[in-house]
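Peer 1: After the C-alpha cells below, expect a handful of questions from me.
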Amino acid sequence: MADSGRLAGKRTLITGGGSGIGLATAKRFRSEGASIALIDRDSAGLDRAKESIADVITIDADISDERQVEQAFETVMERWGGLDVLVANAAIQLFGRDAPVHELDLETWDTTIAVNLTGTFLTCKYGIRCLLATGGGSVIVTASPTSQFGLAAGFDAYSASKAALINLTQTAACDLGGYNVRVNAVVPGLIETGMTKPVFDYAREKGKEEKLGYRCELRRYGEPEEVARAILFLASDEASYITGQALPVDGGNTASLNLPGMKF
C-alpha cells in the first residue's frame, strides 16, 4: 500500500463500491494511500473491482439487511481493527417503476426507501460505531440535487429518499461534532453511471444526448471521477473544519435551476 498521499493510512469503507461513483472513489482513495473495503450486492462488480484495486476487501452484502451490514463491519474491524472514513454511496433508482406520487405503488416506494434511506441509515449506524471506537473520522453520504429541488419529476420515491439523506447528514453532524466525527454529503448532478444508464440510453436513442449537457451551466454531464475528487476532499484533513454540509458537484445545475430535470 502507498505510504503517502492525502489519505495515507486511512481505513475506508465504501458502499456501492462495485461500479460508478463508488468504484471511482475507491480507485482515487487508493491512489492517495487509503486502505479500501467495498460493500456491494453486485458480486460481478466486486470481482471487477478486485482486478483494478490492489489489496481491496470486498464484501457481497445488501445494505437494506441489518444483519448483513453488521456482519460487514465486523469483518472490516476484525481485519483492520478500526475505521477512519465511511462513504455511504449505495443507492437505486427504479426507472420504469418510480412515478408521480398519485401513481406510485407502495412496493416501489418501500424498495427505494429500504435501500436509499434505511440502507444508508444502517451503514451509518454501524459505520459510525466503528469510527467512534477508532477515535473519530469522516462520513460522506451521496445525496442528489433531487434532494433539494424538484429536478426529477416522476421520480418521487427516489427524490424523497435523497431529501431525507440531507437531513440525516445535518442531524448526524450535530450529534457527532463533539466526538471528532465529521458528516457531510456530496450532491452529484447528472453523472453517467450504471444507475443512470437508462437516461443516457434514452437520450442517445432519441438523438438528444447533447441536450443532457445543457441541463447545467458547464454544458456537459459529469464523470464519476469528478465526484470522487470531491469525496476525497471531504474525507481528507483539508476539510477538517467542514461538517453538516452538502457539496454540489453538478456543473452548476442547481445554481440557476433554469432548465428542466429528468424530462427531455
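The values are calculated or read from the model by the stated rules, or taken from the named source; none is laboratory data. For clarity, every value in this text was computed on a predicted model and none was experimentally measured. Because the Cβ atoms are built from the backbone with ideal geometry, glycine has one as well, and the counts that use them run over all protein chains shown. For the accessible areas, the whole protein counts, side chains as well, though only heavy atoms, and no ligand, DNA or RNA atoms are used. Shrake-Rupley method; radii C 1.70, N 1.55, O 1.52, S 1.80 Å.
Peer 1: Among the candidates 24, 8, single out the residue that is out of contact with any strand residue (DSSP E or B) (no Cβ under 8 Å at 6 or more places or on another chain) and closer than 23 Å to residue 77 by Cβ. Write out each step before concluding.
Peer 2: Values: 24 fails: closer than 23 Å to residue 77 by Cβ.
Unique residue meeting the criteria: 8.
Peer 1: Scan the stretch 242-249 and give yes if some residue there is over 19 Å from residue 6 (Cβ atoms), open to solvent by less than 80 Å² (accessible area, probe 1.4 Å), at pLDDT 75 or above and among the polar types (S, T, N, Q), otherwise no.
Peer 2: Taking every residue of the stretch 242-249 in turn, none turns out to be over 19 Å from residue 6 (Cβ atoms), open to solvent by less than 80 Å² (accessible area, probe 1.4 Å), at pLDDT 75 or above and among the polar types (S, T, N, Q).
Peer 1: So if I check each of 157, 185, 173, 235, which one is more than 15 Å from residue 138 (Cα to Cα), aliphatic (A, V, I, L, M) and at pLDDT 95 or above? Don't jump to the end; show me each part of the working.
Peer 2: Working: 185 fails: more than 15 Å from residue 138 (Cα to Cα); 173 fails: more than 15 Å from residue 138 (Cα to Cα); 235 fails: more than 15 Å from residue 138 (Cα to Cα).
The match here is 157.
Peer 1: Okay, next question. Quick one: would you say residue 18 is surrounded by fewer than 21 Cβ atoms within 10 Å (Cβ to Cβ) and not in a helix (DSSP H, G or I)? Don't jump to the end; show me each part of the working.
Peer 2: Values: surrounded by fewer than 21 Cβ atoms within 10 Å (Cβ to Cβ): no; not in a helix (DSSP H, G or I): yes.
For residue 18, the condition - surrounded by fewer than 21 Cβ atoms within 10 Å (Cβ to Cβ) and not in a helix (DSSP H, G or I) - is not met.
Peer 1: Considering only residues that are of a type outside the set (S, T, N, Q) and out of contact with any strand residue (DSSP E or B) (no Cβ under 9 Å at 6 or more places or on another chain), which ones fall in the stretch 63-73? I'd like the intermediate steps shown before the answer.
Peer 2: As a first pass, look at the stretch 63-73 and keep what is of a type outside the set (S, T, N, Q): 63, 65-67, 69-70, 72-73.
Once the filter is applied, which keeps residues that are of a type outside the set (S, T, N, Q) and out of contact with any strand residue (DSSP E or B) (no Cβ under 9 Å at 6 or more places or on another chain), the stretch 63-73 yields 65, 66, 67, 70.
This table checks each residue for (1) at pLDDT below 95; (2) over 19 Å from the mean Cα position of the chain (by Cα); (3) not β-branched (Val, Ile, Thr).
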site: 72; (1), (2), (3): no, no, yes
site: 90; (1), (2), (3): no, no, yes
site: 110; (1), (2), (3): no, yes, yes
site: 120; (1), (2), (3): no, no, no
site: 128; (1), (2), (3): no, no, no
